[in-house]
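> Below is a structure I'd like to ask you about.
Please treat every number below as a calculation from the coordinates, not as lab data. Predicted model only: the values in this text are computed from it and were never measured. Counting neighbours? That spans all protein chains shown, and the Cβs are built from the backbone with ideal geometry, glycine included.
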Amino acid sequence: MCGIVGAVAARQVSGILLEGLRRLEYRGYDSAGMALWDQGHIERVRRIGKVQALAEGLQQHPLKGTLGIAHTRWATHGAPAERNAHPHMSGERLAVVHNGIIENFELLKEELIDSGYQFSSETDTEVVAHLIDREVRSGETLLDAMRNAMARLEGAFALGVIHMDYPDQLLTARKGSPLVIGVGIGENFIASDQLALLPVTDRFMFLEDGDIACLTPEKISVWDSANHPVERPVSRFEHGAGSAEKGEFKHFMLKEIYEQPAVMKAVLEGRINKGHLLEQAFGSEAGALFDQVKQVQIIACGTSYHAGMIASYWIEQLVGIPCRVEVASEFRYRPVVMPQGTLLLTLSQSGETADTLAALREVKDRVIGTLAICNVPGSSLVRESDLSLMTNAGPEIGVASTKAFTSQLVALMLTTLALGRRTGLSAKREQEILAELQQLPELLEKLLALDPEIEAMSAAFAEKHNALFLGRGTLYPVAMEGALKLKEISYIHAEAYPAGELKHGPLALVDKDMPVVTVAPNNAMLDKLKANLQEVRARGGELFVFAGQDQSIKQQDGISVIRLPAIPTLLEPIAYTLPLQLLSYHVAVLKGTDVDQPRNLAKSVTVE
């Protein structure tokens, strides 16, 4: 995950590009760079580290120009180093910034070396620069050179290109990776995220997969993947200047719940090509490491621990290898046996969770490799792991995690698919699961439409002091997450149990004052679950059921039912989480608690 920004204007653009990078820094900050066209030449400054290091470099070596591109990097190919920082150039004539993965870069690199090109980096991006340059040198226009080069590239990418012979043209292309065009007056822009461009425009054009665009100060021309001129609509950004504002929402938590359809797109973007997973999204060494995995050990805390529990079901079902899950604060303080071939998988929203970091450091020398799933590029967890996969959830301000949890689950399913390739998971099955994941944004929109029903249900909890949450199979960790959310923000004591455990103790707590929340999808465990619910009703307990379509649990006295749309079985844990988040939110609002900053808690737990 990297951030790109570009501009073509009648005014100086270096300040615009630098501010855009600052706003994109959440996408990665192991290095940053900028290239501008100035008086017939392309001048470039790159620095290792955060965008501030580039800003200091620009004070020492100022760049001037009305056409330019810039980049903040999260490394996939090549270590963080100035030679690997973007923009990458072909000689002094052409500069490229790139977000994504070029799968076939090694073959293209050999071909280009045979053509006489020399490489100065270990990145996959440099092949793009040389490939386009070779086309231009053969007599093609810059636009046709870009088009011909795109036809050779396999993978996912968003590109920004400038050339010394084209002083008023900024070329861009998108395939699988995010890219937006900012529409100005006498100036136009590109970026990985519209937030990067809000200081200069609030009008945006979103490219489709396979589109190529040529931007000049006065015009934006777009061609689709079949090389047909097309018009893409321009929309206005309506919600203010950044993710750190609530916009139309009363609380950040509610805003972040409603952001989840978009987050599902973001966590998948740039990681799927032609129905298959791009393994390089985990890092350039991912394939070799995954080939050796015989067992997975997941360590995490809080909400991330619940995500890990769900992943253990998926890994053992689809990959067929053992998967253990443990709370990091326990794992680090006991003698741990790491069987041969163990992959250590850590989960953290912030990447700075003290117990998770300590556990990683304790055993990283005793496993074949480490993988971090995290929302913050450049965090300690990411830097200290062999591989990492960013969840792309964007800033999460509310202390109670919502979109970070569901994005972790999607990332964990991608991890499961990558491992499953080694143990017999068919390409067809992988394609089916990826297609289901790509339906998540639409599915979550349908679930958000249930919000008024869930808000009405929440009134039954306003005077309660305790609650039970029940689930079976992969929905048991979902019940645990639902109970955690309720206790975090409403201060109602809540516990979760596998429904089959009711008769082994918790049933003693059930009476008319104990609401029992149940997640009940249409799966193989439903009949067992329904029997457990009868045990609750026989003892006067009040049931609140989130049920699947076309099942026999009916609304009646003592049983409140909200029916969810049809959901693919593997995605049930993701989908059933969202209604529980909304329930907790509305209960907390009724009780008048501080939803976004609940007492005694912090967003990033950086102490033991």
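> Is the C-alpha gyration tensor of region 29-128 telling us rounded, prolate or oblate? Criteria: a/c under 1.5 is rounded; beyond that, a/b larger than b/c is prolate, otherwise oblate.
Oblate is the answer for region 29-128, as a/c is 1.5 or above yet b/c matches or exceeds a/b.
> Kindly work out what percent of the DSSP beta bridges joining two residues of region 247-425 are antiparallel, to the nearest 5.
10 percent
> Next question. Which three extents, in whole angstrom, do the alpha-carbon atoms of the chain cover along their principal axes, largest first?
83, 53, 45
> Turning to a different aspect of this structure: How big is the charge dipole of the chain about its Cα centre, in debye rounded to the nearest 20, if each Lys and Arg gets +1 on its Cβ and each Asp and Glu gets -1 on its Cβ?
920 debye
> Where the centre of each part is set by its Cα atoms, how far does region 452-477 sit from region 262-312, in angstrom?
30 Å
> Exactly which trypsin sites (Lys or Arg not before Pro) in region 485-519 are in a DSSP loop and have at most 12 other Cβ atoms within 10 Å?
Sites meeting the loop and neighbour criteria: Lys512.
> Another one. Can you work out ³J(HN,Hα) from phi for every residue in region 30-47, in order, using Karplus 6.51 cos²θ - 1.76 cosθ + 1.60 and θ = phi - 60°, giving whole Hz and x for Gly and Pro?
8, 6, 8, x, 8, 9, 10, 7, 9, 6, x, 10, 9, 9, 9, 10, 10, 9
> I need to check one value: relative contact order of region 448-496, counting alpha carbon pairs closer than 8 Å and at least 6 residues apart, in percent.
36 percent
> What shape does region 117-223 have by the C-alpha gyration tensor, where a ≥ b ≥ c are the square roots of the eigenvalues, rounded means a/c under 1.5, and otherwise prolate means a/b greater than b/c and oblate the rest?
Note, shape of region 117-223 comes out prolate.
> Still on this structure, please answer the following. Determine the percent antiparallel among the DSSP beta bridges restricted to the chain, to the nearest 5.
60 percent
> Checking the a/c ratio against 1.5 first, then a/b against b/c, what shape does the Cα gyration tensor give for region 247-425?
Note, shape of region 247-425 comes out oblate.
> Further, regarding this structure: Once you've got the Cα coordinates, tell me which of Lys265/Lys591; Lys50/Lys446; Lys464/Lys503; Lys503/Lys554 are over 30 Å apart.
Lys265/Lys591; Lys50/Lys446
> Here is a follow-up. Once each part is reduced to its C-alpha centroid, what is the distance from region 25-104 to region 543-573 in angstrom?
51 Å
> Something else: Given contacts defined as C-alpha pairs under 8 Å and at least six residues apart, what's the relative contact order of the chain, whole-number percent?
11 percent
> Given Cα pairs under 8 Å that are at least 6 residues apart, what percent is the relative contact order of region 451-601?
30 percent
> Cut-off is 10 Å between beta-carbons; in what order do Cys374, Cys214 appear when sorted fewest neighbours first?
Cys214, Cys374
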